[in-house]
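Participant: Please read through the structure below; I'll follow up with questions.
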Amino acid sequence: MPKLTIEQPHTLSPAEVRQRLDALRARLSTKYGIDAEWKSDTRATFKRSGASGTISVEPNRVVIDVDLSFMLAPMKGQVESRIRDELVRALA
């Protein structure tokens, strides 16, 4: 499976990062059918048809690891770009 790792720096408190990621999760659930669930205070998992992965909140960055299905592999660049755009918007 093709993999992506996306890192986004931030200067927010852990609580603020989580709050913003929760708002992003709600928006992406409606827009793309993504199901996400917090497994701990700093780690979440997500899935949708053709993709799954983890979100890790670190003190100065958020790291998203994505596993794409072979069907979505040709769109890897577009998927990465959309995730980056959404993450930048959420943490700005």
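The values are calculated or read from the model by the stated rules, or taken from the named source; none is laboratory data. Remember, it's a predicted structure, so these values are computed and weren't measured experimentally. Cβ sites come from the backbone with ideal geometry, for glycine too, and all protein chains shown count toward neighbours.
Participant: In segment 83-92, what count of residues is obtained for those that are part of a helix (DSSP H, G or I) and exposed (fewer than 14 other Cβ atoms within 10 Å of the Cβ)?
Facilitator: Total satisfying the criteria: 3.
Residues are listed down the side, and each one gets a yes or a no for (1) more than 15 Å from Ala90 (Cβ to Cβ); (2) touching a strand residue (DSSP E or B) at 6+ places or on another chain (Cβ under 6 Å); (3) at pLDDT 95 or above; (4) not aromatic (Phe, Trp, Tyr):
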site: Thr5; (1), (2), (3), (4): yes, yes, yes, yes
site: Ser13; (1), (2), (3), (4): no, no, no, yes
site: Ala23; (1), (2), (3), (4): no, no, no, yes
site: Thr30; (1), (2), (3), (4): no, no, no, yes
site: Asp41; (1), (2), (3), (4): yes, no, no, yes
site: Ser49; (1), (2), (3), (4): yes, no, no, yes
site: Ser52; (1), (2), (3), (4): yes, yes, yes, yes
site: Asp65; (1), (2), (3), (4): yes, yes, yes, yes
site: Val79; (1), (2), (3), (4): yes, no, no, yes
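Participant: To continue, here is another question. Kindly indicate whether Ile34 is modelled with pLDDT under 95 and among the β-branched types (Val, Ile, Thr).
Facilitator: It is true that Ile34 is modelled with pLDDT under 95 and among the β-branched types (Val, Ile, Thr).
Participant: Taking the residues in segment 38-66 that are surrounded by 15 or more Cβ atoms within 10 Å (Cβ to Cβ) and within 14 Å of Asp22 (Cβ to Cβ) as candidates, determine which candidate is nearest to the chain's Cα centre (by Cα).
Facilitator: The qualifying residue nearest to the chain's Cα centre (by Cα) is Ile55.
Participant: So which residues in segment 1-31 are among the hydroxyl-bearing types (Ser, Thr, Tyr), touching a residue at least 40 places away in the same chain (Cβ under 8 Å) and more than 19 Å from Gly53 (Cβ to Cβ)?
Facilitator: The answer is Thr11, and nothing else.
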